[in-house]
Structures are given as structure tokens and as C-alpha cells.
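First the structure, in the form of C-alpha cells, and then the observations on it.
Only the coordinates and a few stated rules stand behind these numbers; no lab work does. From a predicted model like this one, the values you see are computed outputs, not experimental measurements. Backbone-built Cβ (ideal geometry, glycine too); neighbour counts: all protein chains shown.
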Amino acid sequence: MKYAIELGGREATVEVTDHPDGGYVVSFDGGGPRHVHADAVGAAEWRVTHDGRSQRVALVTRGEDITAQLDTEAVFGRVVDPRDQALLALSGGGQGEIKTPMPGAIVRVEVAPGDEVDEGQVLVVVEAMKMENEFRAESAGRVASVLVAAGDSVESGTVLVVVEES
């Protein structure tokens with residue numbers, strides 16, 4: 001599985017596959033693969049061994065945001081869903097007119113006109129090709145108008161929501 005992540009404002013790619021002898025093969029930003037073993041020691045905590053070293057790793061996720069506690073060091077980041085990146089680019093950003101790049105059906109509308117929205121907040125969910133696609137606010141703002149309702153069918157390029165920057 002390939003993940004796009006952001007750590008400290010820097011984006012990177014992490015690829016994780018199963019190792020035939022157990023554990024995983026992990027490559028970071030195209031670098032050399034590392035054989036990694038991870039043994040659960042709690043609900044969200046593991047003992048990770050690689051390159052002859054072992055350390056405790058605890059992970060807390062909240063949506064796309066991740067906090068990893070590596071022994072005594074905390075690392076903050078987020079997993080970047082490539083579908084969200086593509087949708088955001090095609091929809092014109094998260095400010096102004098939010099458009100759907102594909103035809104589909106409105107599953108949920110999470111906001112109403114006048115609502116204040118935070119960066120990353122889900123505005124509308126569109127189902128297309130049996131997948132739910134979340135349209136999120138790129139930055140904080142105020143919803144100027146909502147032009148769709150749950151159950152509506154939409155065509156490619158339909159304006160879903162208009163957001164004004166705070």
C-alpha cells in the first residue's frame with residue numbers, strides 16, 4: 001500500500017508491503033526498502049524493530065491527522081488521501097465555488113449557509129462509482145451558499161457549495 005504523508009510541512013511517500021518472512025517492507029520517499037517487524041503491545045501501541053533497533057511506537061489518528069509517539073519523541077503529521085488531493089485540485093481549492101469533477105449523487109451535506117467552517121472540515125459527500133468522495137474546506141471560512149441537497153443527482157462541474165474566506 002502506498003501512502004502520501006505530510007510531516008512538518010514536507011510531503012513524502014511511504015510504501016508498505018508484506019514481507020514473505022513476516023513483518024513488512026517499508027520504503028520512505030523511494031529510499032531503500034527496510035524489513036520491519038511490528039508486535040502489538042496495546043490497542044494503539046507497537047514494538048517496532050528494524051535495522052537491529054527496537055522502539056515503542058504509539059499512534060493516535062483523528063481523521064487524516066496522526067500523532068506518533070516514538071519512545072520519547074512526538075511526531076505530528078497527516079495522511080494525504082490522493083483522491084482528496086485530486087478532488088481538491090479539480091474543485092478549485094476549498095475556497096470560492098466548490099465543484100464536483102464527476103457526476104454522482106449527493107450523500108450528505110454537512111454545512112448550511114452562514115456556517116463557519118474550519119480547514120479540513122467536510123462540506124459535502126458525493127457518491128460516484130460506488131465510492132464516497134468528501135469535499136473539504138481548504139481553509140477556514142464562512143459558507144455563503146449551499147446549492148445541493150442529499151439525494152440530488154449532479155453532473156460534472158456542478159457547484160456544490162460556495163465558501164467565503166474568513
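Observations on the model:
- Residue by residue, region 154-166 carries 3J(HN,Hα) couplings of 10, 9, 4, x, 5, 6, 8, 9, 10, 10, 9, 5, 5 Hz when phi is fed to the Karplus relation 6.51 cos²θ - 1.76 cosθ + 1.60 (θ = phi - 60°); x denotes Gly or Pro.
- Difference of contour (0.36 nm per residue) and Cα-Cα distance, Thr61 to Arg10: 16.5 nm
- Computed from the C-beta positions of Gln69 and Arg108 and an R0 of 35 Å, the FRET efficiency is 0.55 to the nearest 0.05.
- Highest average first, the peptides 64-75, 121-132 ordered by how many other beta carbon atoms sit within 10 Å of their residues are 121-132, 64-75.
- Extending 7 Å from the Cα toward the beta-carbon at both Asp39 and Ser153 defines two label points whose distance is 5.7 nm.
- Between Arg136 and Leu123, the built amide H atoms are under 5 Å apart, and every one of these is 5 or more places off in sequence or on another chain.
- Tensor-based shape of region 27-73 (alpha-carbon gyration tensor, a/c under 1.5 rounded, otherwise prolate or oblate): oblate
- When its C-alpha radius of gyration is set against 2.2 N^0.38 Å (N residues), the chain gives a value of 1.27.
- With R₀ fixed at 22 Å, the C-beta to C-beta distance from Phe76 to Ser54 puts the FRET efficiency at about 0.45.
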